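Just below is one structure, and these are the notes that go with it.
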Amino acid sequence: MKKIFLLLIITIALAKPVNAQINWPKYSQSYPTGTFDEPGALGIISTIPEINNAFWESSGNNALSIQLSNDTAFLKKHSKKFVAITTYDTSKAHFFLHGVYKNNAGEYEYRVTTNTNQLIIPWSAITKFTGADAMAALHVSQMAYLGGYSTDIGNSIIVDARSKRSGKIIATSVVAWKPIAPALSQLYRPGELNDFLKRLAHPWQTYRDSEREIKKWKELYPTGQFDPVTHQRKKFTVGPTDNNLIFYLAGDIYHKEQLEYELVKNDNTITPWKYNDFDNNFIWLKSLAPGRYLLKMRYTAQPEHVTTYPFEVKTPWYDSVLFKIIAGILSCASLGFVIFLIRHVKQKEHAERELAKKTKLQLELKSIYAQLNPHFIFNALSSIQGLINKQDIKGANSYLSDFARLMRDSLTNSNKEQTSLDKEILTLETYLKLEQLRFGFTYHINIDENINAYETEVPSLLLQPLVENAIKHGISALQEKGEVTVNFTRRENNMIVNIKDNGPGFLGNTNTGGFGLKLTHDRIKLLNEFTKGQPIKFEVKKNKPTGADIELTFNNWFL
């Protein structure tokens, strides 16, 4: 009986006749013994072999073959002379049976199962074959075609062929779809380019070089920063000048379309998924700017399996956040110092101008004081002279006593800008008593209960000339019928002072030229320049039914 061999052929093209499925000139094959004359001949073909052939492990002593050779349950159900290969591609595997053609196909049948004992094709007759002309051109006999199959990653397809006469399985082929993701073998910095080129030229020295490189990295990094399985740094950190990095991957890659990568910087994708730049198993990243990176890698055959590797290119000291903060602080400090100097000079000049202005105002106020005192003394002496002329010696003596006290208070307060309201009222009462002895009028001083006379201050000797004006120009002619009233009231934060009399009032401008009234008006004007936030308003009103009403409004006096 002829020997029958089961051949596995891998292809991507599917939906055409068998002859059109296979690009026969690119047909490649490997066998345990190297000839078609031994059982278990394995043939592999791809329409893009330079891309996909790298995703297949050849038959022989691969991990899958060794595993199945020790699996007694598998050997009991299938042929002991089997072909087993591992694929990482998602393409279908197509199975061909050598030595079976149209004339003898009735003697054989086949089935297709999975490693989980799922039946895909039950024992079935062989009905499809390769083209005789194509096989003759390759000097290969016509073969039976058993179909193309695939399964999920992690599972296997098992194809068995048996003789109908004996029921014995004569050939078994297994294809396992294995998950795969890029694995980082080594990482090279710019100063290690010679080591990279040496490894690229002698890839078979990987183990020896790995031992040396692991030792080198252990000297540079603490033990806790290494992955105990891969011996790679969990996170690679390089200086700002080491910005050209080579990521060397385990496994064989023969075409750049086999590998894709994506680069993320500071959580933003700067290089979206793209094919590798080289037809080899390394990724070369160039001119990397400082920042946190995440390199994502995947094989095009299994894009769902992604390998990630974090690394960081340090920021130069002169471009670091801390340096920028310090530089910013120093710049702001320098600018602030310059601004401070400019403002200091301006404030000094402004203070000097204000001081000069204040000194001028104080001199002008003192000048007014100097004018008020002679005016007051002249009026007081006139009153004393009037009492003497009336032969009122007792009144003149009392007047002189009160006058002396008033002069003492006047001299005491003349050097003060402000005095308490209770002292100002006491001065007013002393003056009103003096004038009352002379003219016999009545007077009243009323203070709002919401005003604390002991804590409230007013410009010293401001009210006396106004009261004097009310007496001299208002009620002096009325004698005992005259009446002077001084009211202190509070409206919110303002203090209102009204000085009223029942005299004839102001008739046109005839009585407004009083010397004391003019000096008081000038003094208020100076005071308003001196105290910007608390202006004093001076207003002359008509008293009803008769007389005059002088109103002073001390704005914001109780803030």
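The values are calculated or read from the model by the stated rules, or taken from the named source; none is laboratory data. The structure presented is a predicted model; accordingly, all values stated were derived computationally and were not measured. Every residue, glycine among them, receives a Cβ derived from its backbone with ideal geometry; neighbour counts consider all protein chains shown.
So, in segment 54-67, of the ones that are under 55 Å from the mean Cα position of the chain (by Cα) and either in a helix (DSSP H, G or I) or crowded, with 19+ Cβ neighbours inside 10 Å (or both), which residue ends up modelled with the highest pLDDT?
Our first condition is that a residue be under 55 Å from the mean Cα position of the chain (by Cα); within segment 54-67, this holds for 54-58, 62-64.
Cutting the leftovers down to either in a helix (DSSP H, G or I) or crowded, with 19+ Cβ neighbours inside 10 Å (or both) gives us 54-56, 63-64.
Working: ALA54: 45, PHE55: 53, TRP56: 53, ALA63: 81, LEU64: 84.
Ranking the candidates gives LEU64 first.
Yes or no, residue by residue, for (1) under 30 Å from LYS92 (Cβ atoms); (2) at pLDDT below 90; (3) within 26 Å of the chain's Cα centre (by Cα):
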position: LYS286; (1), (2), (3): no, no, no
position: LEU295; (1), (2), (3): no, no, yes
position: ARG298; (1), (2), (3): yes, no, no
position: VAL306; (1), (2), (3): yes, no, no
position: LYS314; (1), (2), (3): no, yes, yes
position: TRP317; (1), (2), (3): no, yes, yes
position: PHE323; (1), (2), (3): no, yes, yes
position: ILE329; (1), (2), (3): no, yes, yes
position: ALA333; (1), (2), (3): no, yes, yes
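Select from segment 418-435 the residues that are in contact (Cβ under 8 Å) with a residue 40 or more places away in the chain and either out of contact with any strand residue (DSSP E or B) (no Cβ under 7 Å at 6 or more places or on another chain) or part of a loop (DSSP other than H, G, I, E, B) (or both) and write down the one among them that is farthest from SER398 (Cα to Cα).
GLU435
Tally up the residues in segment 68-124 that are in a strand (DSSP E or B), touching a Ser or Thr at 6+ places or on another chain (Cβ under 8 Å) and over 15 Å from THR172 (Cβ atoms), please.
2
Looking only at segment 436-456, decide whether some residue is modelled with pLDDT under 90, in contact with a strand residue (DSSP E or B) (Cβ under 9 Å, 6 or more places away or on another chain), more than 25 Å from TRP557 (Cα to Cα) and not charged (D, E, K, R).
Looking for residues that are modelled with pLDDT under 90, in contact with a strand residue (DSSP E or B) (Cβ under 9 Å, 6 or more places away or on another chain), more than 25 Å from TRP557 (Cα to Cα) and not charged (D, E, K, R), one finds at least one in segment 436-456, hence yes.
Can you go through TYR101, TYR108, TYR88 and tell me which one is modelled with pLDDT under 85, over 60 Å from the mean Cα position of the chain (by Cα), hydroxyl-bearing (Ser, Thr, Tyr) and assigned by TED's automatic domain parsing to the domain that holds ARG162? Spell out how you get there, then give the answer.
Numbers: TYR108 fails: modelled with pLDDT under 85; TYR88 fails: over 60 Å from the mean Cα position of the chain (by Cα).
Checking each option against the conditions leaves just TYR101.
Is it true that ARG199 is without any contact (Cβ under 8 Å) to a residue 60 or more places away in the chain, among the basic types (Lys, Arg) and out of contact with any helix residue (DSSP H, G or I) (no Cβ under 7 Å at 6 or more places or on another chain)? Outline the logic, then answer.
Working: without any contact (Cβ under 8 Å) to a residue 60 or more places away in the chain: yes; among the basic types (Lys, Arg): yes; out of contact with any helix residue (DSSP H, G or I) (no Cβ under 7 Å at 6 or more places or on another chain): no.
So ARG199 does not fit the description; no.
Out of LYS346, LYS423, I need the residue that is modelled with pLDDT of 75 or more, closer than 25 Å to ILE499 by Cα and basic (Lys, Arg). Which one? Let's see the steps before the verdict.
Numbers: LYS346 fails: closer than 25 Å to ILE499 by Cα.
Within the list LYS346, LYS423, the selection yields LYS423.
Each row is one residue, and each column tells you yes or no for (1) more than 60 Å from the chain's Cα centre (by Cα); (2) under 30 Å from ILE283 (Cα atoms); (3) at pLDDT below 90.
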residue	(1), (2), (3)
LEU119	no, no, no
ASP133	yes, no, yes
TYR149	no, no, yes
ASP160	yes, no, no
LEU197	no, yes, yes
LEU200	no, yes, yes
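Looking at this structure, is VAL238 of a type outside the set (D, E, K, R), surrounded by 13 or more Cβ atoms within 10 Å (Cβ to Cβ) and modelled with pLDDT under 85?
The answer is yes for VAL238.
Of the residues THR116, THR130, THR86, only one is polar (S, T, N, Q) and closer than 30 Å to ALA250 by Cα; which? Please lay out each step first, then the result.
Working: THR116 fails: closer than 30 Å to ALA250 by Cα; THR130 fails: closer than 30 Å to ALA250 by Cα.
None of the others qualify; the one that does is THR86.
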